[in-house]
């Protein structure tokens, strides 16, 4: 009896398991599994049985939300690792090879084991569906938390800071011996990619129909070097992302296109027709059958790195700019002046601003200027000297034959650069590519910024309206429209009021998205008789219901930074009188 009593005392003083988590909820331990890490070593959950907790994070290599959280995971490991918490990353995606997983872990500096889950053994056992998905297990391998890391990044929003640190709170509560207050939270990110199981016979196949849809609507962005986070150039690419394709097509998140189809027709309309949408969804429901290779369309040809084709001239920032890992007040707009050294006037048929590092470049505006000042054009306001812009969703600009933008001899190009830190110090050196018109055009393309600088958005305002307008004093042709607001932007519309009193809605963007800004190019240029007025109406959401809102308690005025606001309706136009001057 004395011996048994001594054992009990020793057990209390020196427990075999350092588990401090509450015994609630009573649940069965997760069955162990053995996976290989990036060095080929076998790793088991039982390897960490002496830890107070194990945090398993399901990650991928291409998902944007997933990658946004990599710096946060490094921070969490640094905070909780010394407290007896083991972090463990698992990649269950079929398309991520061992080499890709290893390179991704090295790139993001992940200090804990990263395992490859072939056959989805771990994902199935832990019930994981998305990346990044976090699971907290105590020393007995019982799950106490499953869900997101925090609420900073999600579908269509990116907060300056998280409102709730879900994973960190769960770990803290568990280490304190408390029951985790919020044991599950929704996860936003990419679905874990699983190998499809094609049906033997199917009317819709990749080679017959799907490849053509992806070529026409997706590959412009989803190819190496472009903004799409994963390539969709092959059957293997597309079938491995089938679950995510189904989700974004059903929700109409992709392809990104925000114009109300009731108003206007546009050359660069990326939206899917119902027929194309139904075809994609049918293909996925049938297990992504490949079909016969002989039915495959010829691969679409792209100029490496450019959407406009091979440029005649490329101008690059004179030096690299270092973007800090973090910046509490944001990175102020940077300006770089690049001489063109053109000895004669030059006409531009197409132009494209290209980020040197898409991970940290939010937008670029390239102006034609003398010194650092834009070339002035009466009445064009903020559009004066505007050559081309890059923003997520915008893929360069081209003009039809007979219309072009002018760069006067001796002019400079001024790069206005907006950078967004992403947790790692990085550098950027962006460029602009130009294609020259073969001969002087009949019409000079001009850009006008229909802006309202004087507004104040009250704290908490859910639908605050701001208007601006411009009037054409001579006959003009309207070519394109580019609305611009910041994180509180909710909707934007253009309306033409003609001299005879008739009105026409030119463009309506009911759900403005700061992360996908498009230059809406009219299918046919629209005649703006002298005296035509264009009215722009923007609404701003400064409420707590706006997930992107930097601070709903602030009075908001005009400013360059994203936590401030802008209201500009850019338009490209030409004057009919230009042809008479030739």
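The values are calculated or read from the model by the stated rules, or taken from the named source; none is laboratory data. Quick caveat, the model's predicted, so the values are computed rather than measured. Ideal geometry is used to build each Cβ from the backbone, glycine not excepted, and the neighbour counts take in all protein chains shown.
For the reader, a short list of remarks on this structure follows.
- Counting only residues that are surrounded by fewer than 16 Cβ atoms within 10 Å (Cβ to Cβ) and in contact (Cβ under 8 Å) with a residue 40 or more places away in the chain, the stretch 565-582 holds 3 of them.
- Criterion applied to 231, 256 was being part of a loop (DSSP other than H, G, I, E, B), more than 15 Å from residue 285 (Cβ to Cβ) and without any contact (Cβ under 8 Å) to a residue 60 or more places away in the chain, and the one residue passing it is 231.
- When the test is whether a residue is out of contact with any helix residue (DSSP H, G or I) (no Cβ under 7 Å at 6 or more places or on another chain), touching a residue at least 24 places away in the same chain (Cβ under 8 Å) and buried (at least 21 other Cβ atoms within 10 Å of the Cβ), residue 211 passes it.
- Flag if residue 192 is in contact (Cβ under 8 Å) with a residue 60 or more places away in the chain and farther than 22 Å from residue 248 by Cα: no
- Qualifying position, being surrounded by fewer than 17 Cβ atoms within 10 Å (Cβ to Cβ) and assigned by TED's automatic domain parsing to the domain that holds residue 166, among 185, 181: 181
- Evaluation of residue 275 against the conditions (1) touching a residue at least 40 places away in the same chain (Cβ under 8 Å); (2) loosely packed, with under 13 Cβ neighbours inside 10 Å; (3) not in a loop (DSSP other than H, G, I, E, B) shows that the sole unmet condition is (1).
- Here residue 170 does not qualify as touching a strand residue (DSSP E or B) at 6+ places or on another chain (Cβ under 7 Å), crowded, with 23+ Cβ neighbours inside 10 Å and either assigned to a loop (DSSP other than H, G, I, E, B) or not assigned by TED's automatic domain parsing to the domain that holds residue 50 (or both).
Here is a yes/no grid of residues against (1) over 26 Å from residue 390 (Cα atoms); (2) out of contact with any strand residue (DSSP E or B) (no Cβ under 9 Å at 6 or more places or on another chain); (3) in the same structural domain as residue 213 (by TED's automatic domain parsing):
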position: 267; (1), (2), (3): no, no, yes
position: 282; (1), (2), (3): yes, yes, yes
position: 321; (1), (2), (3): no, no, no
position: 347; (1), (2), (3): no, no, no
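- Filtered by the rule that a residue be part of a loop (DSSP other than H, G, I, E, B) and touching a strand residue (DSSP E or B) at 6+ places or on another chain (Cβ under 7 Å), the stretch 323-345 gives 331, 333, 340, 342, 345.
- Single condition residue 196 does not satisfy, out of (1) touching a helix residue (DSSP H, G or I) at 6+ places or on another chain (Cβ under 7 Å); (2) surrounded by fewer than 21 Cβ atoms within 10 Å (Cβ to Cβ); (3) not in a loop (DSSP other than H, G, I, E, B): (3)
- Any chance residue 116 is in contact (Cβ under 8 Å) with a residue 40 or more places away in the chain and in contact with a strand residue (DSSP E or B) (Cβ under 8 Å, 6 or more places away or on another chain): yes
- Qualifying helices (runs of 4 or more DSSP H) (wholly inside the stretch 38-147; at least 2 residues being outside the structural domain of residue 426 (by TED's automatic domain parsing) and either on the phi > 0 side of the Ramachandran plot or over 26 Å from the mean Cα position of the chain (by Cα) (or both)): 70-80, 121-126
- Residues (closer than 27 Å to residue 254 by Cα, at pLDDT 90 or above and assigned to a loop (DSSP other than H, G, I, E, B)) located in the stretch 384-435: 430
- Selected residue (criterion: modelled with the lowest pLDDT) from residues of the stretch 1-57 that are surrounded by fewer than 15 Cβ atoms within 10 Å (Cβ to Cβ) and closer than 18 Å to residue 128 by Cβ: 27
Residues checked against (1) in a loop (DSSP other than H, G, I, E, B); (2) surrounded by fewer than 19 Cβ atoms within 10 Å (Cβ to Cβ); (3) at pLDDT 95 or above; (4) in the same structural domain as residue 481 (by TED's automatic domain parsing):
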{"site": "521", "(1), (2), (3), (4)": "no, no, no, yes"}
{"site": "524", "(1), (2), (3), (4)": "no, yes, no, yes"}
{"site": "527", "(1), (2), (3), (4)": "no, yes, yes, yes"}
{"site": "539", "(1), (2), (3), (4)": "no, no, yes, yes"}
{"site": "554", "(1), (2), (3), (4)": "yes, yes, yes, yes"}
